[in-house]
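Here the structure comes first, spelled out in structure tokens, and everything after it is commentary.
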Amino acid sequence: MNAFIVTLRPILMLCKIVGIINTSYYFESNGLLVKNTNSKCRLLFEFSKTVIMLIFTYYNLKKLSFLDSLILYKFWTAIITSRISETWIIKLINGIIEFDQNLTSLPTYLQTYRRQYDKKCLNIIFICAFLYYTVITLLLMYLYPIKRMDINVIFIYFVRISFIVDFTVIVSSYFYLHNLQYRFEILNDIWKFLPAGLLAVPGECSHYDIAMMVDHIRLLHAQLSDILRVFSLGYGQMLLGYFVFSYINMLVFFFFTFYFKYPTSSENNDMNMILKKTAPFVYNLQNIICTMSIITAAARVHDKKRQIISYLRLTRISNLSIPLKIQIKMFMNQVSIFESTEITAYGIFSINLNLVISILILLISGITTLIQMNEHPFIWQTINSILNFYKKLNVSN
């Protein structure tokens, strides 16, 4: 069992709990993830879980405000898109496992240069997420003390579906992107330890041996590049839904922060009022951090994938044997073909650093439009619905 499967297990368990992956999938003896179609208990569990979520959604959808309804829409968007792309998600996981198995085909002395996978990053993410969840829960209870415990209060204070779904989608996406980046780095490191100039070393390796090693690296690089395409098909729809709903949340929260007037009361102290005004910015900061983590992770994967191009261009093929010249030319053609393969949100837009500028432009134009429509009846109706919703909960001051 390699490090990938060990660190994958908590991610896989979290995806099964939320509903992104069917609980019937398990690891076979060969290390691949397969679906157990003979387990009636797990099928019954999946059906029961779906029915409970539908009942819960129907019960709360009519009672929630406009902003809180977006949480349910976001939740079901992630669940539906993940089930549509479930086959590709499993292919992504199995593709990484098969790549690790194929990596053993390299010569033994090259495998000794493989860097160790850092598993501390995932533990730090889980710890920070738990601390953030706890702090936000305590902050909500301090700003809006609970006066009556019911299902709506539990839904808003303790079982925040939006955070759980966002955390699952972002952490699992970041986990796979980080693993792809790590494997591209392995290939780049292995290339560095090939003989200088890819020239034969008498008594150690011949031109034929070097040509075989370059061929192994080329095939592994092609396999990783194809896994990037599978990632876009598996997580593209979920990330598209996440980016769209995150944009709507940031747009609405920024607008309401500027135009929402808190009622003054003698019971409210200055610190309470300051926290109420800064709470929306904390929520927006969560969306910004999650969005930037995926964008930067995708950008690092592309940088590591293209790094092999510099090594190929620095090679003087005029001094190489014919088999090596053929391998280098095939590698260059392969890289140029896979260059157009980028991580996308289901083909709608590419996930790279240019996306940051696009989001900023859309936010500025969206906020400007809402400011111009601040007297529109729909805006005031939405604000009144939010106020009435929290008054019914007896949590607003």
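The values are calculated or read from the model by the stated rules, or taken from the named source; none is laboratory data. A quick note: this is a predicted structure, and the numbers were derived from the prediction, not measured. Every residue, glycine as well, gets a Cβ built from its backbone with ideal geometry; the counts of neighbours run over all protein chains shown. To get the accessible areas, we keep the full protein, side chains included, count just its heavy atoms, and leave off ligands, DNA and RNA. Shrake-Rupley method; radii C 1.70, N 1.55, O 1.52, S 1.80 Å.
Output the residues belonging to the stretch 98-146 that are aromatic (Phe, Trp, Tyr), at pLDDT below 75 and over 29 Å from Val159 (Cβ atoms).
Tyr109, Tyr113, Tyr117, listed by residue number.
So which residues in the stretch 296-320 are open to solvent by less than 50 Å² (accessible area, probe 1.4 Å) and either in a helix (DSSP H, G or I) or of a type outside the set (A, V, I, L, M) (or both), if there are any at all?
Thr296, Ala297, Ala298, Ala299, Val301, His302, Lys305, Ile308, Ile309, Tyr311, Leu312, Thr315
Return the residue satisfying two criteria in turn: it lies in the stretch 327-337 and is open to solvent by 60 Å² or more (accessible area, probe 1.4 Å) and not polar (S, T, N, Q), and of such residues it is nearest to Thr81 (Cα to Cα).
Of everything passing the filter in the stretch 327-337, Ile337 is nearest to Thr81 (Cα to Cα).
For residues that are modelled with pLDDT of 85 or more and in contact with a Gly (Cβ under 8 Å, 6 or more places away or on another chain), tally how many sit in the stretch 312-337.
Result for the stretch 312-337: 0.
Is at least one residue of the stretch 321-332 under 19 Å from Leu187 (Cα atoms), among the aliphatic types (A, V, I, L, M) and outside any helix (DSSP H, G or I)?
No, because not a single residue in the stretch 321-332 is under 19 Å from Leu187 (Cα atoms), among the aliphatic types (A, V, I, L, M) and outside any helix (DSSP H, G or I).
To keep it simple, each residue is scored yes or no on (1) open to solvent by 50 Å² or more (accessible area, probe 1.4 Å); (2) in a helix (DSSP H, G or I); (3) of a type in the set (A, V, I, L, M).
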site: Val214; (1), (2), (3): no, yes, yes
site: Gln223; (1), (2), (3): no, yes, no
site: Asp226; (1), (2), (3): yes, yes, no
site: Arg229; (1), (2), (3): yes, yes, no
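Pairs needed: first member in the stretch 168-186, touching a residue at least 60 places away in the same chain (Cβ under 8 Å); second member anywhere, of a type in the set (Val, Ile, Thr) and not in a helix (DSSP H, G or I); C-beta distance under 7 Å; at least 6 residues apart or different chains.
Every condition considered, the pairs that remain are Thr168/Ile20.
Residue-wise test of (1) in a helix (DSSP H, G or I); (2) modelled with pLDDT under 70.
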position: Met238; (1), (2): yes, no
position: Tyr242; (1), (2): yes, no
position: Met250; (1), (2): yes, no
position: Phe258; (1), (2): yes, yes
position: Thr264; (1), (2): no, yes
position: Asn284; (1), (2): yes, no
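Scan Tyr132, Tyr176, Tyr142 and give me the residue that is in contact with a Leu (Cβ under 8 Å, 6 or more places away or on another chain), part of a helix (DSSP H, G or I) and surrounded by fewer than 17 Cβ atoms within 10 Å (Cβ to Cβ).
Details: Tyr132 fails: in contact with a Leu (Cβ under 8 Å, 6 or more places away or on another chain); Tyr176 fails: surrounded by fewer than 17 Cβ atoms within 10 Å (Cβ to Cβ).
Answer to the selection: Tyr142.
Residue-wise test of (1) open to solvent by 50 Å² or more (accessible area, probe 1.4 Å); (2) within 30 Å of Lys91 (Cα to Cα).
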{"residue": "Phe158", "(1), (2)": "yes, no"}
{"residue": "Ile164", "(1), (2)": "yes, yes"}
{"residue": "Ile186", "(1), (2)": "no, yes"}
{"residue": "Ala196", "(1), (2)": "yes, no"}
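Does Gln181 meet the test of being open to solvent by 40 Å² or more (accessible area, probe 1.4 Å) and in a helix (DSSP H, G or I)?
No.
Are any of the residues in the stretch 14-21 under 23 Å from Phe99 (Cα atoms), of a type outside the set (S, T, N, Q) and within 20 Å of the chain's Cα centre (by Cα)?
The answer is yes, given that some residue of the stretch 14-21 is under 23 Å from Phe99 (Cα atoms), of a type outside the set (S, T, N, Q) and within 20 Å of the chain's Cα centre (by Cα).
Mind counting the residues in the stretch 17-48 that are in a helix (DSSP H, G or I) and open to solvent by 30 Å² or more (accessible area, probe 1.4 Å)?
Taking the stretch 17-48 first, the residues in a helix (DSSP H, G or I) are 17-18, 40-48.
Remaining after also requiring open to solvent by 30 Å² or more (accessible area, probe 1.4 Å): 17, 40-45, 47-48.
Total satisfying the criteria: 9.
So which residues in the stretch 338-382 are closer than 15 Å to Phe253 by Cα, open to solvent by less than 30 Å² (accessible area, probe 1.4 Å) and modelled with pLDDT of 80 or more, if there are any at all?
Hits for the stretch 338-382 are Leu363, Gly366.
Restricting attention to the stretch 49-87, and to residues there that are part of a helix (DSSP H, G or I), charged (D, E, K, R) and more than 20 Å from Leu12 (Cα to Cα), which single residue is modelled with the highest pLDDT?
Looking at the filtered set, the residue picked out is Lys74.
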